[in-house]
1. Filter the helices (runs of 4 or more DSSP H) completely within the range E:233-329 down to those with at least 2 residues that are within 19 Å of the chain's Cα centre (by Cα), of a type in the set (S, T, N, Q) and within 27 Å of E:Gly63 (Cβ to Cβ).
2. Checking C:Val39 against (1) surrounded by fewer than 22 Cβ atoms within 10 Å (Cβ to Cβ); (2) farther than 15 Å from C:Arg232 by Cα; (3) touching a residue at least 60 places away in the same chain (Cβ under 8 Å), which single condition isn't satisfied?
3. If we scan the range D:206-219, do we find a residue that is within 16 Å of ligand 2 (Cβ to nearest atom) and polar (S, T, N, Q)?
4. Any residue in the range C:31-47 that is under 22 Å from C:Asn202 (Cα atoms), away from chain B (no Cβ under 12 Å) and away from ligand 4 (no atom under 16 Å from the Cβ)?
5. Sort out which residues of the range C:21-30 are open to solvent by 20 Å² or more (accessible area, probe 1.4 Å) and either within 16 Å of ligand 4 (Cβ to nearest atom) or closer than 30 Å to C:Gln200 by Cβ (or both), and write them in order of number.
6. Report the residue count in the range D:148-188 for those that are within 9 Å of chain C (Cβ to nearest Cβ) and more than 12 Å from ligand 2 (Cβ to nearest atom).
7. Between a first residue in the range E:22-36 that is of a type in the set (D, E, K, R) and a second residue that is outside any helix (DSSP H, G or I), which pairs have beta carbons less than 9 Å apart while being 6 or more apart in sequence or on different chains?
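The values are calculated or read from the model by the stated rules, or taken from the named source; none is laboratory data. A quick note: this is a predicted structure, and the numbers were derived from the prediction, not measured. As a convention, Cβ positions derive from the backbone with ideal geometry for all residues, glycine included, and neighbour counts pool all protein chains shown. What goes into the accessible areas is simple: the full protein's heavy atoms, side chains included, and nothing from ligands, DNA or RNA. Shrake-Rupley method; radii C 1.70, N 1.55, O 1.52, S 1.80 Å.
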Amino acid sequence: MTDLANVAVSAMSQKPASPRRRVSLGSPIAWIGLAVLILSWIAAVNLLNIPSYILPKPEAVVRALWSGLAVSPASPLGYYLPLWSTLSNAAVGCAIGVGLGLVIGSLMAEVEAIERLVMPYAFALQSLPKVAIAPLIVIWFGFGDGSKIAISALLSFFPVLINSFTGLRAVEPERIDLMRSLSASRLETYRIVKLPNAAPFIFAGLDMAVVYALLGAIVAEFLGAQRGMGVVITQAQAVSDVAGVFAALIILGVLGIVLHGIVRWCEAKVVHWGANRKK
Amino acid sequence: MTDLANVAVSAMSQKPASPRRRVSLGSPIAWIGLAVLILSWIAAVNLLNIPSYILPKPEAVVRALWSGLAVSPASPLGYYLPLWSTLSNAAVGCAIGVGLGLVIGSLMAEVEAIERLVMPYAFALQSLPKVAIAPLIVIWFGFGDGSKIAISALLSFFPVLINSFTGLRAVEPERIDLMRSLSASRLETYRIVKLPNAAPFIFAGLDMAVVYALLGAIVAEFLGAQRGMGVVITQAQAVSDVAGVFAALIILGVLGIVLHGIVRWCEAKVVHWGANRKK
Amino acid sequence: MLMMDVDNAPRRATAAPDGVLIAIDQLSKTYVSASGAAVHALSRISLDIKPGEFVCVVGPSGCGKSTLLRLLAGLDGYSDGRLLLDGEKVEGPSRKVGVVFQAANLLPWMTVRDNVGLPLRVGGKHAPAGDRIDRLLAVTGLADFGDKYPYELSGGMQQRAGICRALARDPEILLMDEPFGALDALTRERLNLELQRIWQENRKTILLITHSISEAIFLADRVIVMSARPGRILADLHVPIPRPRTFDDIVLHPDYARLAKEVRGLLNAQEHGHD
Amino acid sequence: MLMMDVDNAPRRATAAPDGVLIAIDQLSKTYVSASGAAVHALSRISLDIKPGEFVCVVGPSGCGKSTLLRLLAGLDGYSDGRLLLDGEKVEGPSRKVGVVFQAANLLPWMTVRDNVGLPLRVGGKHAPAGDRIDRLLAVTGLADFGDKYPYELSGGMQQRAGICRALARDPEILLMDEPFGALDALTRERLNLELQRIWQENRKTILLITHSISEAIFLADRVIVMSARPGRILADLHVPIPRPRTFDDIVLHPDYARLAKEVRGLLNAQEHGHD
Amino acid sequence: AEARKIRFGVGLKALNATVINCVIGEALGYNAQEGFSLDVQALGTNANVQVATDRGSVAIGVGVPSTALPLLAKGEWGGAKMFYQYTYPYKWDIAVPPGSALKSYTDLKGKKIGVSDFGATEYPVTKNVLKALGLDPDKDVSWVAVGNGTPAGVALQRGVIDALAYFDTGFGQIEAAGIELSYLPRPTTIPMVGGQFLMAMPATFEKDRDLLIGFGRSVCKASQFLLANPAAGAKAFLKLYPETAPRGASEDEAVKAVLQSISRRIKLYAPPYANTKMGAINEQEFRTEAAMNGLDLKDYAALYTNELIDKINNFDAVKVKAEAAAYKG
Ligand SMILES: Nc1ncnc2c1ncn2[C@@H]1O[C@H](COP(=O)(O)OP(=O)(O)OP(=O)(O)O)[C@@H](O)[C@H]1O
Ligand SMILES: Nc1ncnc2c1ncn2[C@@H]1O[C@H](COP(=O)(O)OP(=O)(O)OP(=O)(O)O)[C@@H](O)[C@H]1O
Ligand SMILES: [Mg+2]
Ligand SMILES: [Mg+2]
């Protein structure tokens, strides 16, 4: 009984906390997790004798990070120029992918014929390894930023498509009946009922999409590029600079967390009723 | 008024159709789409003069397909052995990734501390290009199927994690109140209310996961493998056999559609109340 | 859920019988349940409603009252029979009709005021509402709650907001499914009076489902008594009590007791068949 | 939504006053609305309920009745005051309590029978139910609907299923939030009688919220009349009418008219303050 | 006047020292002397370079027979002509862990041999070599794809494979990571395939012949420079592309890292044939490779020309070597 009451009390105290939760990123527990991670890294390198060409020493990685961060933003050695290049491609790609995903997902949810027409191809397209279709992408979008943006868009498109489709279909029929009884147009029903209703799931798709857009830009750079974080990694690999690879990976990881934070922040602004709705 | 009535009538007729919709794949409209696709392919090759080392002629691809399909299943020339190898790795990886995604997503949805602890790292991990962490994966999981399975699992993990987390959190508070008023344990509330409620969104995650698992297995094969569809593609690329590459891509695309169909079929079985619920 | 059979005959082919706004003719509705079994919700219902009439429907729970209302609202297709609204076959929701649903059905992402004003923002052009919304909120005791979100309201307050929403557009025909069920007696009486006032002022056609026999007699020109499933019409009783009616007067009217007893008797008979 | 202040005093420190099952002492509840404004839902309510008592609560819509019930059920934390159940501070839901919510709240993925049987499958070990579920379904007229899904039921049938669910576990204390609101008069009367029978047979403690003054008087040992928001207790009226009561008898009892008039008067006064 | 920018396409994912002799002409002033400046484009794959060259996206591209010959065989050759060979065969070797019992190629019978992947050229080439030695490459040995770079070295270290058949810069990468290798002595008969070439479209030959000669000469000078003083070449390379150095490395460490990755490659800048000018193309390489891949080709004239070689070599090589010896950076 005591246990149960405790669980119940903690369940109660969970609710008021939720509006805050979504925006906070620097929670202490995450930092503790980081500390554990770094400590086990150090332990792995030193105790398990993992050779540094597999898992470099933390200090070497810190040095590598420092060499790329503690320079002028315009330095060719810095991470800033490649980051900017990768991020700007990823941002454009993400915008296109998310936009297309939302539009096509909405059309699929609204019109069954479109679902039948598009859905199989969306799945077929996503099943193709980007590396293998790179030549085609390069032909269509050029060797420059175009193909990076295209791959970024292609990767971020899919989760938004699936989640917006699923979310838009999962509206309570009563709400649709309400709009129908008001002779609302399809667009009105979509805008006023379906879209807000699907918002949490569209945001979940967006959450994945930003990460995949970043990944898409990097993957595209691996297929051949002049600049970008993918180039930084490839170049470090070419001289077996494992610490350099790790430094770049850490930057990408942090970037992923930051992008996730931005999406959650936007979600908290938009889905304001979701955090504390009760009835 | 006539328009409106028509829309309304078609909206009405939409509902009864829905239980059927989810399982059917061979809808005529998809076949029409396919025909349009193939025609524009032929037109592109012939009219736009896209060289065949980028976009091969359909007949060459058909020939390549035939050469891989019209053989004994045990033939080293056939697609069957590599397909089996890729699919079995992808299946194991998908099972692991989906399982982990569901378990960790559930833990995150249930316990806020776990969310705070895990969420940033999940995003950081997903932001890392698999190609760049391949050496580490290979070191940990070996040169055989292990690392293929690992990458497959890593890719399929993420959408299930995010969607199960989101879906489990999006339960109507009234239903939680009901379970609380019955002094139900967390596990009971999870099993009886949250999981069924999140099912459509977990299935959407699963839908992405199967495709990503396939993709993961292929990508892993690109990084070094003895057999599999990735090897088929690499070998075809090596001898500039673009038709062969396309044949393999078509098989992967069809596979993606089939996997999607399987997931939707399972969903229709499990989420039986979703298709025709009305109140 | 069978489809209604949509024929392509011209719309005005079936002219409205003189002075009939809603013509229900041998209307049936059969649901196919998840297990495949057929549930006969309505069986060959016939009923004509004239413009400006106030009709109340009573009947045991599950007898098909909500189903009838959904068919009239054009939200579901019927299985058999004919259903004309203003001489036109009902094939979907019409702008002329406002609906109060059995559940309040407010949108959680909008404030109460936005929820109530929703009918004025969708479904084509509308006459400007002026302070209509505010007046409705005031009448239903929600004046202070316009800027709150639905989850901040009590069950009864949500139901009242739902009523405001249905009245916002001032529709020609008002279909109400147990609108006052979740309200306390006094609020209920006040809203009954308000509804009577609205109806007398601009003579809407109202079909109201209720479980309260006294409410039905107080409000209605005609009380329709339905049988247990499959729903049929047991009686169509005229209420000859003059308007405006008040709760204090009506109980004294000789017809009141007679009608109440008759309705109660009909329902009671049902009840026994039902058990 | 303020947190209740959880102190670490030992559980039995505040012994139950003799023969009091639910002790409500200066209980207050303040909601913080989305806009940040405070809504005082309950203000310093004090009330003791003895084991086996049948208490009905009436009050204007939005006065805090559901809030009180949620606090008693341990579903929400209170802002101030004390709340003891069987001598123990209420800090969360208890196995002893069954709740009927204002909305039916059935799980759409389960059949009606599974929904009704839910309390017997969760929350620890339970005595075997035998044909209890079937009996409950029969009494509420849902015998034929056990294998249907909630969306296949009418609004009233859903509400009845919700009542069955609350009775399934045979809890010591039953909290009911307008359980009969969506029912027709006859079903309502039948369920009132059934509830009285259940209560008389095994003397549960029942707290029932209702909008019907006659229902309150018919069922209750004590009728609690609440004021408009912030909810306070206006009157705590003893109903001395002997049991078992029937609807035909009770209207003839001299106390009935007196009590009804008194409650109506109290609520009426409220009503005017409210407008 | 501004030197004109020339786009040069290479088949790398990202620029690195593998193409050092093609690019350091920029740092050493050779490009300026010829009146152009270089814009190097890492296009990812040789197939991409082929496309970019055919389409005129780059003026000059890197051509390789493994891409070119199948296209020629299918009659789809886009018309580009190779005019300078900047890397000569033979760049493949077989490495074993230090102290391995395997001492020669013929010891490999019954062993597991690693290659990067089954699409990479070391696979057919090594098979061919083994065949020439009397082994059946399909039955007597088994093949394992172990990926690029460090993982391949780890596979060898862990005994996943007994020997690693790999390429020059790949070995450089593995060694740079600190994994020791020992190499089996090359057999006498190795197929002379795998050269790398500069190519341009016929239109460029007509309109911009001097550019092609100038670029060829710059590459030729740089090759001589690197052969004379690899460390100086690495320094020049790092001056152009400081970001290709290991992160946080000192200049010496950086030079060492660059050299480690390309020291085996630099040796291939000089023709392995007697009496051959730098860059001259030997048609026999094409024939060998075509035969290896079972391509039936008669006429290779469409693929290459040696007509610019004399002009390209028209410079004072001794002076370049002296410059290299004296290079300070
Ligand atoms: N979650 C909430 N946030 C803010 N205010 C709330 C919340 N829940 C209820 N309220 C407010 O508290 C007051 C009491 O609500 P409650 O639901 O207890 O009323 P009630 O007496 O049950 O009314 P009804 O008879 O209409 O169901 C109302 O004014 C309501 O607006
Ligand atoms: N979607 C559906 N599928 C199957 N059966 C249904 C469906 N909707 C309603 N029914 C059945 O039709 C009958 C009539 O339902 P309806 O909702 O019209 O009743 P009602 O008269 O409004 O009852 P209440 O007063 O309880 O609201 C009921 O027996 C119900 O079980
Ligand atoms: Mg109903
Ligand atoms: Mg309430």
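1. Result: E:251-266, E:283-292.
2. Result: C:Val39 fails condition (2) only.
3. no
4. Among the residues of the range C:31-47, not one is under 22 Å from C:Asn202 (Cα atoms), away from chain B (no Cβ under 12 Å) and away from ligand 4 (no atom under 16 Å from the Cβ), which makes the answer no.
5. Result: C:Asp25, single match.
6. Matching residues across the range D:148-188 total 2.
7. Pairs found: E:Glu26/E:Ser37; E:Glu26/E:Leu38; E:Glu26/E:Val40; E:Glu34/E:Ala3.
Here is a yes/no grid of residues against (1) over 19 Å from the mean Cα position of the chain (by Cα); (2) more than 8 Å from ligand 1 (Cβ to nearest atom):
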| site | (1), (2) |
| --- | --- |
| D:Val32 | yes, no |
| D:Ala38 | yes, yes |
| D:Asp48 | no, yes |
| D:Gly59 | no, no |
| D:Gly64 | no, no |
